[in-house]
Amino acid sequence: MKREDVRRVDQIAIEEYGMLGLVLMENAGRGAAERIAALCHESPRGANPVCILCGPGNNGGDGYVIARHLELLGFSVHILSLVPLDRLTGDASANASIAARAGLTIQIAKSDEDLDRWIADDETVVDCLLGTGATGAPRGLYGDAVTQANKRRGLRVAIDLPTGLDCDTGAPAEVTFRADLTVTFVAEKEGFSKPAAKPWLGTVQVVGIGVPQALLNDFKVA
Ligand SMILES: NC(=O)C1=CN([C@@H]2O[C@H](COP(=O)(O)OP(=O)(O)OC[C@H]3O[C@@H](n4cnc5c(N)ncnc54)[C@H](O)[C@@H]3O)[C@@H](O)[C@H]2O)[C@@H](O)CC1
Ligand SMILES: [K+]
């Protein structure tokens, strides 16, 4: 599915079907947390604790939901946000605020040194940095975070798509998150089928976010 179409599905679910963005994000985050937990339990590299890297948009918002559900599933979780929480908006801000009030550990990384210090070598790293709203190669601290994550020995899980991968063309940026598992929402993104994308995706699992079948049919999603 093309980036534009998958974003339209979210938009139509909200604007025409009256679904709440928060509900879609909850479904996305909960589904992803369950897949991450299953992977950690079955893989010898599946470490607990889990480090969740959160970016500025709704992909970051998914990360706060994932953290809350992983804690409920018995994981020790910490969140590294690349932006101060007061810069978040909408559903991402709401979920960050819930996570903060719930006492989840949230650190704000301001430099490459922070990232180096705070991402442990053997923990599972979850990439909620950039999703379908990304344009171009990861800039600044986003590139640094991907580089640091790729150096670690633990499992890596990308949420919706690996940061740095162009989801329409499948072309990786010079710095692209190298996932063992990509949990993607609604449908596989168009670029995932391209040979260039394969080394960055790992196993791909699709998680539904609860939008009605009628809407999926309009976009020819099985
Ligand atoms: N209601 C919805 O729309 C839903 C969205 N979902 C999640 O939301 C994601 C899309 O969220 P957004 O549209 O907020 O987009 P992103 O979360 O991808 O964030 C986009 C923002 O990141 C920054 N950015 C863009 N390119 C960058 C680059 N190359 N380097 C550094 N910073 C960059 C810009 O500030 C941009 O506004 C999806 O991938 C999915 O994970 C899910 O929660 C399901 C529901
Ligand atoms: K991501």
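The values are calculated or read from the model by the stated rules, or taken from the named source; none is laboratory data. All of these numbers come straight from a predicted model, not from anything done at the bench. For neighbour counting, all protein chains shown are included, and Cβ atoms are generated from backbone atoms with ideal geometry for every residue, glycine included. Accessible surface areas use protein heavy atoms only, side chains included; no ligands, DNA or RNA. Shrake-Rupley method; radii C 1.70, N 1.55, O 1.52, S 1.80 Å.
If we keep just the residues of the range 24-39 that are in contact (Cβ under 8 Å) with a residue 24 or more places away in the chain, among the aliphatic types (A, V, I, L, M) and farther than 12 Å from G208 by Cα, which is nearest to ligand 2 (Cβ to nearest atom)?
First, the residues of the range 24-39 that are in contact (Cβ under 8 Å) with a residue 24 or more places away in the chain: 24-37, 39.
Filter once more, keeping what is among the aliphatic types (A, V, I, L, M): 24-25, 28, 32-33, 36-37, 39.
If we keep only those that are farther than 12 Å from G208 by Cα too, we end up with 33, 36-37, 39.
On the way: A33: 15, I36: 13, A37: 18, L39: 16 Å.
Filtering the range 24-39 for residues that are in contact (Cβ under 8 Å) with a residue 24 or more places away in the chain, among the aliphatic types (A, V, I, L, M) and farther than 12 Å from G208 by Cα, the one nearest to ligand 2 (Cβ to nearest atom) comes out as I36.
Taking R117 as the residue in question, decide whether it is open to solvent by 30 Å² or more (accessible area, probe 1.4 Å) and either farther than 21 Å from N48 by Cβ or touching a Ser or Thr at 6+ places or on another chain (Cβ under 7 Å) (or both).
no
So how many residues does the range 174-203 have that are outside any loop (DSSP other than H, G, I, E, B), touching a Leu at 6+ places or on another chain (Cβ under 8 Å) and open to solvent by less than 40 Å² (accessible area, probe 1.4 Å)?
Residues flagged as outside any loop (DSSP other than H, G, I, E, B), touching a Leu at 6+ places or on another chain (Cβ under 8 Å) and open to solvent by less than 40 Å² (accessible area, probe 1.4 Å) within the range 174-203 amount to 7.
For the range 1-18, give me each residue that is over 16 Å from L161 (Cα atoms) and in contact with an Asp or Glu (Cβ under 9 Å, 6 or more places away or on another chain).
The answer is V9, I12.
Take the residues of the range 173-211 that are of a type in the set (K, R) and away from ligand 2 (no atom under 15 Å from the Cβ): which is farthest from R3 (Cα to Cα)?
K198
I need the full set of residues from the range 145-163 which are assigned to a loop (DSSP other than H, G, I, E, B) and among the small types (G, A, S), in order please.
Result: G154, single match.
Can you name the residue in the range 71-99 that is in contact with a strand residue (DSSP E or B) (Cβ under 6 Å, 6 or more places away or on another chain) and away from ligand 2 (no atom under 16 Å from the Cβ) and, of all such residues, is nearest to N27 (Cα to Cα)? Step through it out loud before you land on a result.
Of all residues in the range 71-99, those in contact with a strand residue (DSSP E or B) (Cβ under 6 Å, 6 or more places away or on another chain) come to 71, 75, 77-81, 84.
Next cut, away from ligand 2 (no atom under 16 Å from the Cβ) only: 71, 75, 77-78, 84.
On the way: E71: 16, F75: 19, V77: 19, H78: 21, P84: 25 Å.
The extreme case among them is E71.
For the list (1) more than 8 Å from ligand 1 (Cβ to nearest atom); (2) open to solvent by less than 10 Å² (accessible area, probe 1.4 Å), I need the number of the one condition that L85 fails.
For L85, the exception is condition (2).
Please work out which residue is nearest to A32 (Cα to Cα), limiting yourself to the range 127-172 and to residues that are away from ligand 2 (no atom under 11 Å from the Cβ) and open to solvent by less than 20 Å² (accessible area, probe 1.4 Å).
L155
Restricting the range 113-143 to residues that are polar (S, T, N, Q) and within 16 Å of ligand 1 (Cβ to nearest atom), which is farthest from the chain's Cα centre (by Cα)?
So, considering only residues that are polar (S, T, N, Q) and within 16 Å of ligand 1 (Cβ to nearest atom), the one farthest from the chain's Cα centre (by Cα) is T135.
So which residues in the range 1-26 are closer than 12 Å to D91 by Cβ and assigned to a helix (DSSP H, G or I)?
D10, I14, G21, L22, V23, L24, M25, E26
Looking at R45, is it open to solvent by 20 Å² or more (accessible area, probe 1.4 Å), of a type in the set (K, R) and at pLDDT 95 or above?
no
Hey, can you tell me all the residues within the range 47-62 that are touching a strand residue (DSSP E or B) at 6+ places or on another chain (Cβ under 9 Å) and either under 12 Å from L130 (Cα atoms) or part of a helix (DSSP H, G or I) (or both)?
The answer is L53, C54, G55, P56, N59, G60, G61, D62.
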